[in-house]
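The values are calculated or read from the model by the stated rules, or taken from the named source; none is laboratory data. Computed from a predicted model, the values in this text were never measured in an experiment. Please note: Cβ atoms are built from the backbone with ideal geometry, for glycine as well, and neighbour counts cover all protein chains shown.
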Amino acid sequence: MSPIDECSCGGYEVSRRSLLKAAGLASMAGVATSMFGDVLTSTVYGSSNANVLVVLSLRGGADGLSMMVPHAEDAYYASRPTTAIAKNKLLYADSTFGLHPSFTALGPMWLLGQVAGIHAVGLPAPNRSHFEAMETLEDADPGSSARVGWINRMVSGLAESPDVFDAMQIGDTITPTSLAGPAPTIATLAFSDLAMPFSKDPVLAKRVGDSLHAQYAAAGGLIGAAGLNAIALAGRAAAISGSINDGPLAGVVYPRHSELGAALKSTAGLIRANVGVKAVAVDAGGWDHHVDLGYRVNDTVKDLARCLAAFFLDLGLDAGRVTVVTLSEFGRRLKENGSQGVDHGYGNAVFALGAGVKGGFYSRWPGLSSGRQVDGDLAVTTDYRSVLTEILRARFPALDTSKVFPGISYAPLGFMR
Amino acid sequence: MSTRMSAAVKPVVLPSKWQHTANRFSYGVSESLAADVRAKGSGDNWLKWQFNWTKVSDTRAQGVIAWYPRLKDSPSAAWSRVKSQERSAWDYGFDFACYSMARKILGRRQVHEVMVDFWSNLLYIPMGEDRSFPWRYSYDAMIRLRALSSYRSLLRGTIVHPAMSGWLNNSSNTKSGINENLGRELLELYTVGRPSGYDEDDVKNSARLLTGFSVRVFEDFAASYSTKDHYRGRVRILGFTHANSSSDGRAAVNAYLDYLARHPSTARRIARRLCVRFVSDTPSSSLVSAVAKTYLKSDTDIRATLWTIARHPEFIAAQRKKVRTPVEDVVNSARVLGMGPTGSSNEESFAEKVIWMCNNMGQNPYTWPRPDGFPETSSTWTSPARVLRSWDMHYNLAGNWWGSKEVTLPAKEDQLPTMWPCTLGQLVDHQSRMLVGRTASLPLRAAVAAALNLPETHVVTSAAKVTDWGWVVIRGAVLNTPEGMLR
């Protein structure tokens, strides 16, 4: 790997640290540290207004062929007699691709050149199992048997002692593989109620908190660590919950009854609160379209587009430091099945939005003619780790990406500034 | 019930080995469960007694279905109510989740209840899902009948059940249009798993063989076998082959399911998952092999397989190593605190509130969105947010601060020592024995003393002198110990 990234890390940290001290941000860390000991000494390095990556997982295997439609391919229309989308319905079509018509809410961002669609992306080898493909995608280090996810390696590479707020899953209390590993991470539904018992009575809360700390520190093991992390989180969350739950900003409307919208609203609040988060993982379920692809993909794309449009508005001035990337475990089969749906396939489309993105369609397009397919499906010509590397290099220049994605062949497509 | 455990300054705790067996194979060692174990003379004897579940009287849990009459709607009746917007699929799902939780809390057939949950999580179908909801209760009833029989029987019952056909789209898998969804997950999730090395042709053949199980989804949800939709012709799937020449493929499907249930890769996969549920997140290969061996030798007999686990030294050595899932946590807390639902009239009912308690901690029952079921590993359930919310919830439950109605709340006097005076430290120990089945550690005694701002030696002269506040602080603190979070 290129050595260019290796020299800048220390200097970057130092300069940022002094910047923060100058901004007076060390005081909050001081309070937290005096209560809970060494766990939180890294607070000061975390508090910042640095760049943020939001990884949006479209769980179930999104149909990239419906989202970024290869309208010039006869094979696409021949394979999907009831579910293909006509060229004249597509948005922003060029000679090869066009967006699904339900992406309209992202129109303004597209026209400003802030949305990139990248096609024929995926795992290096086909894996049509939801669970294995997701695990492989999020671990992203086939050479190692340790279950350490790429986002965990990313935040480990950005700070000597990563902070509990560096990487988070929002919208689910279950930690995804991408976040698993040695760096502390948080998975939470939202930021309300992340407090110690009796938090409204500081004296009692301190007594109870100290006793729990003593017991869990003595317990060790999985439960001991869980208890200590919980205490650390409560100490930090108390200081920020107000500012996180302020939103959304005036005039911003997330779709009603949308779980993705609720998670992105919390994410926007968290980012605006400037607590130093570097990576947020958000899950959006409901993309496993074995039946009725037509109206289902319509609904899921519409929800996705409206949520993302609201999210970037809700970020306000902080939008300039936030990049979103969508990932899904696999694409769908080219040929539609017996239920007007599509079964598990291979190559897929990825979308990158926001800060640093150079909008448009990108692909080393393999074509869909029969000789170019892999077991009947769209081939993969760009390793998804190469797409992520391109984003990380542009947005986190201090990071040694070869440690996040060991041993990959990097082939940038030029969709980042 | 015999003499109350609490009728002494120091309730006798079960021997740790008995407590361990009861902890792992139940949703919480309540007073009455501890009495059952004691009456049977050991944890192993209790387990064997529980294996014969139909012989264990269980009137309270069996009465729960009467609270949810709509669950017994025929699929077509359920669908008409949804079509007329009288109820929604979610309403049916919510009823089902409440029903299931109430049975976990109240049931005396605890081993059976735990196994119903284990299989329901492996052969998982969520609550209130559009294409399966009218059949979800029937699916559960079938799992209940077979939960302690054989895996072969369970597999035959579940895979072709109309609820499964709807959920994994087998209802629209026909010879003229194959849908691979169920055919793939049958191999990957329910039987041999990926290490067995099946390929995409095996997946396609698996799906072809499963054609014919029709459900008229969104019409009247009637289920039938449709010979005209069944794909005919030889299939090969791993080492299984069948001429499949009849238009009624059900005999061939049964042969295929039996082949899969008896496959060594299935044995290993089921054995491992059982070990992760009942022993530890990282069961040794020798334990898994021993369990898989019994599974195969007994022709997939579930009781024989569980017995091998319960007798294994690795099981015996794994005391208090598994973290309770949020659902297990809420059910355990209710059981040991003596709280039980008595009806389910409205949203104030305890039977409904327990769902939101679980949800608050990050595990809403039967709402996992994917077919692989909630993770069985403890490490999944140790996020800081979950732990914080559990700590808070234990106090809420101990004080019934959510104001649940239709719930048994034992009188304080009935759960306190009968011999007075005793010290605060002794009271904490008493509750630790009752709720967690072990003596109170020194840090726990100190924790309660600090919270109440009293010395441990503080003397309490009668049950009446224990304030409601002090009572909640003691019981919440006991449930919040590391041991209280573990089973």
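Output the number of residues of segment B:383-400 satisfying the condition of being surrounded by fewer than 23 Cβ atoms within 10 Å (Cβ to Cβ) and either β-branched (Val, Ile, Thr) or touching a residue at least 40 places away in the same chain (Cβ under 8 Å) (or both). Going through segment B:383-400 one residue at a time, the tally reaches 3. Annotation: residue B:274 fulfils all but one of (1) more than 19 Å from the chain's Cα centre (by Cα); (2) buried (at least 23 other Cβ atoms within 10 Å of the Cβ); (3) touching a residue at least 60 places away in the same chain (Cβ under 8 Å); the unmet one is (1). Return a yes/no flag: does segment B:167-180 have any residue that is buried (at least 24 other Cβ atoms within 10 Å of the Cβ), part of a helix (DSSP H, G or I) and away from chain A (no Cβ under 14 Å). There is no residue in segment B:167-180 that is buried (at least 24 other Cβ atoms within 10 Å of the Cβ), part of a helix (DSSP H, G or I) and away from chain A (no Cβ under 14 Å). Looking at (1) surrounded by 15 or more Cβ atoms within 10 Å (Cβ to Cβ); (2) in contact (Cβ under 8 Å) with a residue 12 or more places away in the chain, find the lone condition where residue B:32 falls short. Against the list (1) surrounded by 15 or more Cβ atoms within 10 Å (Cβ to Cβ); (2) in contact (Cβ under 8 Å) with a residue 12 or more places away in the chain, residue B:32 comes up short only on (1). The residues of segment B:419-444 that are surrounded by 22 or more Cβ atoms within 10 Å (Cβ to Cβ) and either within 13 Å of chain A (Cβ to nearest Cβ) or of a type in the set (Ser, Thr, Tyr) (or both), listed by number, are B:428, B:432, B:436, B:440, B:444. Against the list (1) in contact with a helix residue (DSSP H, G or I) (Cβ under 8 Å, 6 or more places away or on another chain); (2) farther than 23 Å from residue B:125 by Cβ; (3) of a type in the set (Lys, Arg), the condition residue B:232 fails is (1). Here residue B:477 passes the criteria (1) of a type outside the set (Val, Ile, Thr); (2) surrounded by 20 or more Cβ atoms within 10 Å (Cβ to Cβ); (3) under 25 Å from the mean Cα position of the chain (by Cα); (4) within 13 Å of another protein chain (Cβ to nearest Cβ) except the one numbered (3).
Restricting to segment B:242-271, and then to whatever is crowded, with 19+ Cβ neighbours inside 10 Å and among the charged types (D, E, K, R), can you tell me which residue is farthest from the chain's Cα centre (by Cα)? The selected residue is B:268. Quick one: in segment B:347-362, which of the residues that are assigned to a helix (DSSP H, G or I) and either within 14 Å of chain A (Cβ to nearest Cβ) or out of contact with any Ser or Thr (no Cβ under 7 Å at 6 or more places or on another chain) (or both) is farthest from residue B:67 (Cα to Cα)? Among those residues, the one meeting the criterion is B:360.
With respect to the conditions (1) within 14 Å of another protein chain (Cβ to nearest Cβ); (2) in a helix (DSSP H, G or I); (3) of a type in the set (D, E, K, R), residue B:113 lacks only one, and its number is (1). Restricting attention to segment A:288-333, report how many residues are crowded, with 21+ Cβ neighbours inside 10 Å and within 14 Å of another protein chain (Cβ to nearest Cβ). Matching residues across segment A:288-333 total 10. Among residues of segment B:420-461 being within 30 Å of the chain's Cα centre (by Cα) and charged (D, E, K, R), the one that is farthest from residue B:486 (Cα to Cα) is B:429. For segment A:208-227, a tally of residues being more than 21 Å from residue B:475 (Cβ to Cβ) and more than 7 Å from chain B (Cβ to nearest Cβ) returns 4. Just one residue in the set A:167, A:205, A:230 is more than 20 Å from residue B:363 (Cα to Cα) and either facing chain B (nearest Cβ under 9 Å) or surrounded by fewer than 21 Cβ atoms within 10 Å (Cβ to Cβ) (or both); that residue is A:205.
Within segment A:334-375, which residues are of a type in the set (Ser, Thr, Tyr), within 14 Å of another protein chain (Cβ to nearest Cβ) and more than 19 Å from residue A:59 (Cβ to Cβ)?
The one that is of a type in the set (Ser, Thr, Tyr), within 14 Å of another protein chain (Cβ to nearest Cβ) and more than 19 Å from residue A:59 (Cβ to Cβ): A:339.
Candidates in segment B:445-474 are the residues that are in contact with a Ser or Thr (Cβ under 6 Å, 6 or more places away or on another chain) and within 21 Å of residue A:212 (Cβ to Cβ); of these, the one that is surrounded by the fewest Cβ atoms within 10 Å (Cβ to Cβ) is B:450. Within segment A:150-166, residues that are within 19 Å of residue A:274 (Cα to Cα) have Cβ atoms under 6 Å from residues that are surrounded by fewer than 24 Cβ atoms within 10 Å (Cβ to Cβ) and among the polar types (S, T, N, Q) in these pairs: A:161/A:42; A:162/A:156; A:163/A:42, counting only partners at least 6 apart in sequence or on another chain.
Do we find that residue A:183 is surrounded by 18 or more Cβ atoms within 10 Å (Cβ to Cβ), within 9 Å of chain B (Cβ to nearest Cβ), touching an Asp or Glu at 6+ places or on another chain (Cβ under 8 Å) and not in a helix (DSSP H, G or I) in this structure?
On the way: surrounded by 18 or more Cβ atoms within 10 Å (Cβ to Cβ): yes; within 9 Å of chain B (Cβ to nearest Cβ): no; touching an Asp or Glu at 6+ places or on another chain (Cβ under 8 Å): yes; not in a helix (DSSP H, G or I): yes.
Judged against the criteria, residue A:183 is not a match.
When segment B:368-383 is filtered for residues that are assigned to a helix (DSSP H, G or I) and either more than 7 Å from chain A (Cβ to nearest Cβ) or among the β-branched types (Val, Ile, Thr) (or both), the ones remaining, listed by number, are B:380, B:381.
Only one entry of A:63, A:141, A:94 meets the criterion of being more than 21 Å from the chain's Cα centre (by Cα), among the acidic types (Asp, Glu) and away from chain B (no Cβ under 14 Å), and that entry is A:94.
The sole residue among A:176, A:126 that is in contact with a strand residue (DSSP E or B) (Cβ under 7 Å, 6 or more places away or on another chain), more than 25 Å from residue B:380 (Cβ to Cβ) and within 14 Å of chain B (Cβ to nearest Cβ) is A:126. Can you spot a residue in segment A:138-146 that is within 30 Å of residue B:375 (Cα to Cα), assigned to a loop (DSSP other than H, G, I, E, B) and hydrophobic (A, V, I, L, M, F, W, C)? Among the residues of segment A:138-146, at least one is within 30 Å of residue B:375 (Cα to Cα), assigned to a loop (DSSP other than H, G, I, E, B) and hydrophobic (A, V, I, L, M, F, W, C), which makes the answer yes.
The condition of being modelled with pLDDT under 95 and not charged (D, E, K, R) holds for residue B:85.
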